[in-house]
Amino acid sequence: MNPVATGTAPLVADPARLQDHIDAFAALSEPDSGPGVTRLAYTALERQAHAVFTRWMTDLGLRVWTDAAGNTLAERSGTNPDLPALGAGSHLDSVPNAGAYDGIAGVVAAMETARLFAEADIEHAFPIRFVAFAAEEGARFGQACTGSRIVAGLTGPDDLESKSDAQGVTLAEAMRSVGFAPHEVARARWQSADWAAFLELHIEQGSVLESTGTPVGIVDQISGSTRIMIEITGRASHTGGTPMHLRADSMTAAAEVVLLAESLANDTRHRGTRISVGKMEASPGSITTIAGRTRLYVDVRDIDSDRQRLTVAELVERAKSLCERRNVTFAATALADASPVILPRRLRDTVASTCTDLQIDYRVLPSGASHDSQMINHVVPTGLIFVPSRDGISHSPVEWTSADELATGTSVLAAGLLALDQQMRPHATA
């Protein structure tokens with residue numbers, strides 16, 4: 001094996017190979033689901049994607065296994081079996097009608113890094129584990145990062161029965177349908193002593209890097225997210241037979257709540273707060289019937305933990321008063337909650353030094369989106385690398401990052417792992 005020392009030629013990721021992997025995963029999408037990629041958490045298609053990852057890593061000679069939560073890990077041995085692991089990876093599930101890059105870019109970067117190490121016969125002291133997380137997207141069950149929350153000890157068996165999709169299928173039932181035992185997920189929990197550091201590569205899902213012409217972003221903090229379901233109940237009645245002043249219209253009340261949320265996020269007390277109503281369900285859903293019940297699914301994000309929760313409380317209080325004025329009833333149910341995270345400076349500095357060594361410009365910036373990094377940072381020091389997103393668009397079929405941009409980020413990921421291996425070896429602190 002060939003150790004990598006300062007001054008050796010950098011490993012260069014192959015854009016064409018990365019694009020081939022992106023395209024292969026994009027082909028695994030629900031038929032007749034519309035444009036883009038639809039590969040939801042804990043479905044047969046998500047497991048097929050994990051099987052592709054497993055085959056590729058096995059062919060490279062790595063030891064591969066799937067844990068009780070559905071995360072797939074592939075380990076390349078280090079020269080010192082007593083050392084904890086370095087890690088890299090992201091997720092393989094998607095939102096409905098997604099693009100091909102969210103999460104998948106980080107997995108294919110891990111796959112390419114493993115190939116680079118294998119072909120160059122790279123020596124590293126620490127074992128390196130490449131991870132494809134399960135169920136990162138919250139689109140199906142309302143909770144993001146389920147696979148990584150489980151390994152971080154933030155979600156346990158009892159939590160899996162309380163979250164359901166639009167068809168009423170619980171998270172636990174979905175896991176059983178693809179061969180996992182929900183009552184055993186605690187076995188997947190990671191121990192801090194087993195991990196040294198972890199790097200995740202992800203598309204930015206924003207426009208900072210593209211607008212500034214910067215090829216790499218280094219994330220310093222990740223926003224928290226609180227998700228709630230608001231249910232407004234009025235009275236269903238005939239649209240023609242019910243005078244305007246006698247209506248208890250849940251839909252018009254819901255519309256006012258949506259505008260309230262927007263106004264709250266835009267006031268001067270909430271700079272940096274984002275509030276979104278991404279889904280609205282009205283019942284009975286007839287054009288000639290006043291909506292008797294409307295549900296709103298609300299996502300509140302912030303980099304300030306206190307402000308995040310206070311914003312939710314204020315939204316709920318003001319929405320309740322609004323509904324009382326409109327003579328409709330109001331209820332709010334918590335769906336999921338994750339605190340903001342400040343990522344370790346040491347890993348940021350290592351990635352920054354790696355970019356400097358490779359003569360790649362970088363920018364330090366926050367992430368408004370949730371990531372698996374946010375969860376596993378509770379267990380292992382974690383760094384997050386961004387590559388540009390065209391027009392800042394994500395969770396859309398037009399989401400796109402060029403193969404060259406992804407290759408640049410992958411080269412930083414590979415070199416960053418090797419830099420951590422050098423820095424964190426026992427002899428490095430002697």
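None of the figures in this text is laboratory data; all of them are computed from the coordinates on show. Here the structure is a predicted model, which is why all the values come from computation and not from measurement. Backbone-built Cβ (ideal geometry, glycine too); neighbour counts: all protein chains shown.
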Honestly region 53-157 on the Cα gyration tensor test (a ≥ b ≥ c root eigenvalues; a/c under 1.5 rounded, otherwise a/b vs b/c for prolate or oblate) is just oblate
What is the dipole size for region 191-274, taken about its Cα centre, with +1 at each Lys and Arg Cβ and -1 at each Asp and Glu Cβ, in debye to the nearest 20? 440 debye
For the chain, using Cα atoms only, the Rg and Dmax in Å read 23.0, 84
Share of antiparallel DSSP beta bridges in the chain, in percent to the nearest 5? 65 percent
Rounded to the nearest 0.05, what FRET efficiency is calculated for A24 and T242 with R0 set to 41 Å and r the Cβ-Cβ distance? 0.15
Using Cβ counts within 10 Å as a stand-in for footprinting exposure, how do R140, R269 rank, fewest first? R269, R140
Net charge over other residues, Cβ less than 9 angstrom from the Cβ of R227 (K, R count +1; D, E count -1): -2
Taking the 0 to 90 degree range and rounding to the nearest ten, how far is the long axis of helix 44-59 tilted relative to the main principal axis of the chain, both from C-alpha atoms? 10 degrees
Net charge contributed by nearby residues that have their C-beta within less than 15 Å of M280 (K/R +1, D/E -1): -2
In region 291-332, how does Rg compare with the Kirkwood Rh, expressed as the Rg/Rh ratio over alpha carbon atoms? 1.05
Let me test this: with uniform point scatterers at the alpha carbons of region 224-338, what is the Debye-based log₁₀ I(q)/I(0) at q = 0.15, 0.22, 0.23 1/Å? -0.63, -1.12, -1.20
11 Å beta-carbon shell around P15, net charge (K/R +1, D/E -1): -4
In whole Hz, what ³J(HN,Hα) sequence does region 344-350 give by Karplus (6.51, -1.76, 1.60; θ = phi - 60°), x for Gly and Pro? x, 5, 4, 6, 4, 5, 5
Can you list the residues, at least 5 places off or on another chain, whose amide H is less than 5 Å from the amide H of L358, using H built in the peptide plane? none
Any idea how far the Cα center of region 272-289 sits from the one of region 61-106, in Å? 36 Å
In percent, how large is the relative contact order of region 126-283, given Cα pairs closer than 8 Å and 6 or more residues apart? 11 percent
